[in-house]
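No value in this document is a laboratory result; all are computed from the given coordinates. Here the structure is a predicted model, which is why all the values come from computation and not from measurement. Please note: Cβ atoms are built from the backbone with ideal geometry, for glycine as well, and neighbour counts cover all protein chains shown.
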Amino acid sequence: MLIVSEEDIKVAIDPNELISAIEKAYIIQDKATTNIPDRMHLDNNENTLLLMPGFIESVFGTKLVSLFPKNTSENKPVLYGVMVLNEAKTGEPLALINGNKLTAMRTGAVGATAVKYLAPFSVKTLGIIGAGVQAYHQALLISNVRPFQKLIICDKNISKAEVIKDDLQNKLQNIEIIVTDNSNQTVIDSDVIVTATSSYDPVFDIDLEKLENKYFFAIGSYKPDMQEIPLSVYKKVDKVYVDTLHAKEECGDIKIPLEKGLIKNENIVPFSTVITSGELLEQASLCLFKSVGMSLFDLTVAELIYNSAKEKGLGQEVKI
Ligand SMILES: NC(=O)c1ccc[n+]([C@@H]2O[C@H](COP(=O)([O-])OP(=O)(O)OC[C@H]3O[C@@H](n4cnc5c(N)ncnc54)[C@H](O)[C@@H]3O)[C@@H](O)[C@H]2O)c1
């Protein structure tokens, strides 16, 4: 069994391969050979354990993710994870992969894929609300698909934004990066906005007329009572794209506006239909994509990491 660390993952794959692995996941999402159950949520007080199993034709696997919101005060990541990848014919375990890095990179690639298909080439400013682990990877991956001139990193705790700014500036040398704790101004000044917080309440509140030509990618809310996007946004969007329809039960950002009649069931659209239709989308003046995350992404990306690690001699082979 190959043990694949965070450092191995960094060396193993590049952004374009990652985005292709996410596109592949959308293409096989509805195929009979793909078996992806809704993930299991096990809540324990404020903490959550997510069990994310799934099968695709060539491999199967399970990602175990813990979400401990109070870790922030301990200066530790909110999210820890490990992924076990198995060979599909025999069930033989192939790899144990660092799930934190896998999750952050695949979620960054999900964001990049959404921007690639939904946002026009004219977008200039990327704004990210929440400056944690996901924000850092969203910035790295999304900046591959559009030539952004400016990146605004916003966090209610501005020192968190300052922490990731320097590292990002080294990697994204052609982009001006600024930090702020003003989320409303971040939305006003940005074309593409990622919300990557663990907030229970909407993370901004601006007038409807300031919401023209904005492309939102919301990744935070993972429980029915968690929201990042204010309800006013749903009065203006025609369709809301989701990576999985499970969002209707699991995420406040879909469940609450649905229950309040602010969006219709038929207007919640699986993003896979965009990828597989091959048609150019009519440019919406306001666009919202809510990502829940699913084991299908972990599987296609884990398979890519495993194959690349084997090819490049990365990781540590152990007998278990
Ligand atoms: N959709 C997916 O596939 C997916 C994948 C991984 C993580 N997530 C979710 O993304 C969220 C962020 O994850 P992370 O690992 O980056 O967490 P993190 O704790 O590292 O970062 C979150 C940041 O958001 C900031 N924040 C919280 N509320 C805010 C607000 N109202 N305004 C501005 N900033 C605020 C916090 O100060 C913190 O710096 C979590 O909810 C996590 O579960 C989703």
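Things to note:
- Among the candidates 238, 225, 205, residue that is more than 16 Å from the ligand (Cβ to nearest atom) and touching a helix residue (DSSP H, G or I) at 6+ places or on another chain (Cβ under 7 Å): 238
- Inter-residue pairs, beta-carbon under 9 Å, first in contact (Cβ under 8 Å) with a residue 60 or more places away in the chain and in region 159-170, second in a helix (DSSP H, G or I) and within 14 Å of the ligand (Cβ to nearest atom), 6+ apart: none
- Restricting attention to region 46-80, the residues that are among the β-branched types (Val, Ile, Thr) and either at positive phi or more than 10 Å from the ligand (Cβ to nearest atom) (or both) total 3.
- Conditions (1) under 20 Å from the mean Cα position of the chain (by Cα); (2) not in a loop (DSSP other than H, G, I, E, B); number of the one not met by residue 37: (2)
- Scanning region 185-232 for residues that are of a type in the set (Val, Ile, Thr), more than 19 Å from residue 294 (Cα to Cα) and not in a strand (DSSP E or B) returns 186, 187, 188, 203, 206, 229.
- Cβ-Cβ under 7 Å pairs, at least 6 apart or on other chains, region 192-209 side acidic (Asp, Glu), far side within 12 Å of the ligand (Cβ to nearest atom): 201/227; 205/184; 205/230
- Region 70-92 residues that are among the β-branched types (Val, Ile, Thr), paired with ones that are part of a loop (DSSP other than H, G, I, E, B) (beta carbon under 9 Å, 6 or more apart): 72/78; 72/132; 72/157; 72/198; 78/68; 78/132; 78/198; 84/1
- Any hit, region 302-319, residues being closer than 24 Å to residue 81 by Cβ, within 15 Å of the ligand (Cβ to nearest atom), part of a helix (DSSP H, G or I) and out of contact with any His (no Cβ under 8 Å at 6 or more places or on another chain): yes
- Single residue of region 56-83 satisfying the filter (in a strand (DSSP E or B) and of a type in the set (Ser, Thr, Tyr)) that is surrounded by the most Cβ atoms within 10 Å (Cβ to Cβ): 66
- Filter pass, residue 247 being more than 27 Å from residue 147 (Cα to Cα) and of a type in the set (Gly, Ala, Ser): yes
Residue by residue, here is whether (1) over 20 Å from the mean Cα position of the chain (by Cα); (2) more than 12 Å from the ligand (Cβ to nearest atom) holds:
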position: 116; (1), (2): no, yes
position: 121; (1), (2): yes, yes
position: 129; (1), (2): no, no
position: 148; (1), (2): no, yes
position: 155; (1), (2): no, no
position: 164; (1), (2): no, no
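- In region 241-261, the residues that are away from the ligand (no atom under 16 Å from the Cβ) and surrounded by fewer than 17 Cβ atoms within 10 Å (Cβ to Cβ): 259, 260, 261
- The residues of region 284-300 that are closer than 30 Å to residue 210 by Cβ and within 14 Å of the ligand (Cβ to nearest atom), listed by number, are 288, 289, 290, 291, 292, 293.
- Checking residue 32 against (1) within 16 Å of the ligand (Cβ to nearest atom); (2) of a type in the set (A, V, I, L, M, F, W, C); (3) more than 18 Å from the chain's Cα centre (by Cα), the condition it does not meet: (1)
- Boolean, residue 164 is in contact with a Gly (Cβ under 6 Å, 6 or more places away or on another chain), buried (at least 18 other Cβ atoms within 10 Å of the Cβ) and either assigned to a strand (DSSP E or B) or not hydroxyl-bearing (Ser, Thr, Tyr) (or both): no
- One residue from 126, 94, 49 being under 23 Å from residue 289 (Cα atoms) and in a strand (DSSP E or B): 126
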